[in-house]
1. Take the residues of the range 115-150 that are within 13 Å of the chain's Cα centre (by Cα) and among the polar types (S, T, N, Q): which is farthest from Arg71 (Cα to Cα)?
2. If I ask for residues that are polar (S, T, N, Q) and within 19 Å of Arg94 (Cα to Cα), which ones from the range 133-163 would you list?
3. Which one is modelled with the lowest pLDDT among residues in the range 188-211 that are more than 22 Å from Ile139 (Cβ to Cβ) and outside any loop (DSSP other than H, G, I, E, B)?
4. Among the residues of the range 121-143, are any basic (Lys, Arg) and surrounded by fewer than 17 Cβ atoms within 10 Å (Cβ to Cβ)?
5. What are the residue pairs meeting all of these: first residue in the range 61-73, first residue touching a residue at least 12 places away in the same chain (Cβ under 8 Å) and of a type in the set (A, V, I, L, M, F, W, C), second residue in a helix (DSSP H, G or I) and surrounded by 13 or more Cβ atoms within 10 Å (Cβ to Cβ), Cβ atoms under 7 Å, and 6 or more apart or on different chains?
6. Considering only residues that are among the hydroxyl-bearing types (Ser, Thr, Tyr) and touching a strand residue (DSSP E or B) at 6+ places or on another chain (Cβ under 6 Å), look in the range 44-96 and name the one that is nearest to Gln128 (Cα to Cα).
7. Kindly check whether there is at least one residue in the range 19-36 that is assigned to a helix (DSSP H, G or I) and either at pLDDT below 95 or touching a Lys or Arg at 6+ places or on another chain (Cβ under 7 Å) (or both).
8. Have a look at Pro55, Pro95 and point out the one that is within 19 Å of Asp32 (Cβ to Cβ), of a type outside the set (A, V, I, L, M) and in a loop (DSSP other than H, G, I, E, B).
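The values are calculated or read from the model by the stated rules, or taken from the named source; none is laboratory data. Note that the structure is predicted; figures quoted are calculated from it, not measured. Reconstructed Cβ throughout: ideal geometry from the backbone, glycine too, with neighbour counts over all protein chains shown.
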Amino acid sequence: MLRACPGTTEPAAGAPISWVHMPLIRPAIHADLAVVAAIFAHYVTSSVATFETTPPTEQDWEQKHADLTARGLPFLVADVDGEVAGYAYAAPWRPKPAYHRTAEDSIYLHPERTGLGLGRRLLSALVQDCAGAGLEQLIAVIADDSHASVSLHRAFGFTDAGRLRAVGHKHGRVIDTLLMQCDLRGGVVAPGSYCIALPHAQLQLQFHNVL
């Protein structure tokens, strides 16, 4: 499904003029995966946002994309002027069968395209697609108390579910992770309290004044 957010938005200071237009949020295709791999590699090598220490190859991403697609789980990209500027997907939270209605989200943006609202649009679409896929719980695992990621998820109704202390060791640091959870079964739109299982257009309208 293609999602074109109508209208225009103010770009961040110094942003290229082509970024005035809203992104197209769409399912990832095979041709996107080289850029997806490059985006993720940046975070693997230069941050603690992921606990991976070796960047997955493009072939690894092809396998992940195929697996998630076969499971009926969403894998989305933010497409701006034909270029992939970020991506988001939902993957199984745990391999044991009883967890089949729970997934974990992942959202990564091109390092030069942060601060433009792409994360909000990706998470908006991902929440809708997860609910549409029959998922009931969506989990976010956030390392190092990333303020931007925590704030983004809270705006979409995720609440704190717990903290795992000193579970990561990367770049010479010991890192906690914050677990956040969103109940997709609710149909009430109330930012900060509920997640949403509503058409994407309604979701955009409801969140317009809080994001």
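1. Ser149
2. Hit for the range 133-163 is Gln137, nothing else.
3. So, considering only residues that are more than 22 Å from Ile139 (Cβ to Cβ) and outside any loop (DSSP other than H, G, I, E, B), the one modelled with the lowest pLDDT is Leu205.
4. Looking through the range 121-143, none of the residues is basic (Lys, Arg) and surrounded by fewer than 17 Cβ atoms within 10 Å (Cβ to Cβ).
5. Sorted first by the residue in the range 61-73, then by its partner, the pairs are Trp61/Leu33; Trp61/Val36; Trp61/Ala37.
6. The selected residue is Tyr89.
7. yes
8. Going through Pro55, Pro95 in turn, the sole match is Pro55.
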